[in-house]
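Below is one structure, written out as structure tokens; comments come after it.
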Amino acid sequence: MVASPYGGRLIQNVIEEPHEDLPMLEIGRRYALDAEKIGIGAYSPLEGFMGSSDLENVLYKNELNNGLPWTIPIILPVMAPPEEGERVYLNLNGNRFGFLEVEEVFRFNKKEIAEKVYSTLSPEHPGVAQVMSEPETAVSGKVWIFRRVSRDKTPAETREIFKKLGWRDVAGYQTRNPPHRAHEYVIRVAMEFVDGVFIHPVVGELKNDDFPPEAIVEAYDYFVKNYLPKNRALLDTLTIPMRYAGPKAAVFYAIIRRNYGCTHFVVGRDMAGVGNFYDPYGAQKMLREMDLGVEIIPVGEAFYCDICEGIVSERSCDHNARKKISMTLIRKLLSQGEEPPREIIRPQIASILKRYYKNTESLASSRRG
Ligand SMILES: [Zn+2]
């Protein structure tokens, strides 16, 4: 049996487009993506954007009002809030895709959110910079959608696919990068434990030095089709704004994967980290402490070792001949027109990335991987 939805019931607030005359509320893409994910149940048990009381519990107790563990606020900040009790269409770029039953209009403290969620007020942190740029009033309430914002599969769809493939145990694999050899290693480690791996890269609003979604998808698709056994891996995207909140984001990502049907969740080094803001193993620690109904597969940082002549991890090799495998290094080599060594990334995947690289100038200013 694939995992039951978080909170016990898969939310499916998807309806036919209503033909009512309602006011419109234009929201940004990141919030439209959150609304969509609420509607299709990726954020179950959430049925809408959080109100002030859920927000406070999430910030101070890491749980929802109903006591379920939850670490990331899902709120909808707006410049010109509608009235409480009003029903409004949610618009993205002028096109309506859903509606909101406005429950509460409330003020919140941006600094408090930055401090509690990201554990820093540094403007260098992309999450902090994002929060601080928002209005300080939010609206809560149930969300319904009648048009999709992304092309992501829904949790109901992946659950059906897992069932058809006969997978009982499914490991969710989170990433925001195309696969290098360390990623391949981690995916294969996970495959030893479960019937199938759900490769589920986050491709929403990334930092401007991340690879574009198409590059990530094409590279993974090539890897899955050519190097993994048939019917043991499923690739699909998760289009949501990346939350670089380290351990707290890792908890959120694990909950989402449980909603998609995963029984296991792979957690490598520095999941959802950025710069040096978080303990690289803080995510593994926090996930082991919280009961999310998902089994954690913790993996150490993987290297290429010249003595072992293969990919190893810091848990399985302590030679000094370890070559670090990082996207930062791969990007740097690509930007200089050099071939990254085949020990750290497959040449075919490097050449896929090279194509996208040329179109993405901002990659040249990359700082980390
Ligand atoms: Zn070694």
Matching residues, region 29-53, being in contact (Cβ under 8 Å) with a residue 40 or more places away in the chain and either more than 19 Å from Thr239 (Cβ to Cβ) or open to solvent by 30 Å² or more (accessible area, probe 1.4 Å) (or both): Arg29, Arg30, Pro45, Glu47, Gly48, Met50, Gly51, Ser52
Enumeration of residues in region 331-350 that are in contact (Cβ under 8 Å) with a residue 12 or more places away in the chain and either surrounded by fewer than 18 Cβ atoms within 10 Å (Cβ to Cβ) or farther than 22 Å from Tyr222 by Cβ (or both): Lys332, Ser335, Pro341, Glu343, Gln348
State which residue pairs qualify: first residue in the same structural domain as His180 (by TED's automatic domain parsing) and inside region 308-330, second residue of a type in the set (Asp, Glu) and surrounded by 14 or more Cβ atoms within 10 Å (Cβ to Cβ) in any location, beta carbons under 7 Å apart, and separation of 6 or more residues or different chains. Ser313/Glu301; Glu314/Glu301; Lys323/Glu343
Only one of Lys142, Lys153 that is closer than 21 Å to Arg258 by Cα and touching an Asp or Glu at 6+ places or on another chain (Cβ under 6 Å): Lys153
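Rundown of residues vs (1) under 28 Å from Val14 (Cβ atoms); (2) modelled with pLDDT under 95; (3) open to solvent by 40 Å² or more (accessible area, probe 1.4 Å), yes/no style:
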residue: Val105; (1), (2), (3): yes, no, yes
residue: Pro123; (1), (2), (3): no, yes, yes
residue: Gly127; (1), (2), (3): no, yes, no
residue: Gln130; (1), (2), (3): yes, yes, no
residue: Ala138; (1), (2), (3): yes, no, no
Right, Pro241: away from the ligand (no atom under 16 Å from the Cβ) and either open to solvent by less than 10 Å² (accessible area, probe 1.4 Å) or part of a helix (DSSP H, G or I) (or both) or not? yes
Residue identified as under 29 Å from Ile40 (Cβ atoms), more than 13 Å from the ligand (Cβ to nearest atom), of a type in the set (Gly, Ala, Ser) and within 16 Å of the chain's Cα centre (by Cα) among Gly273, Gly293: Gly273
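The values are calculated or read from the model by the stated rules, or taken from the named source; none is laboratory data. Nothing here was measured: the structure is a model prediction, and the numbers come from that model. So basically every Cβ, Gly included, is an ideal-geometry build from the backbone, and we count neighbours across all protein chains shown. Side chains included, ligands, DNA and RNA excluded: accessible areas come from the protein's heavy atoms. Shrake-Rupley method; radii C 1.70, N 1.55, O 1.52, S 1.80 Å.
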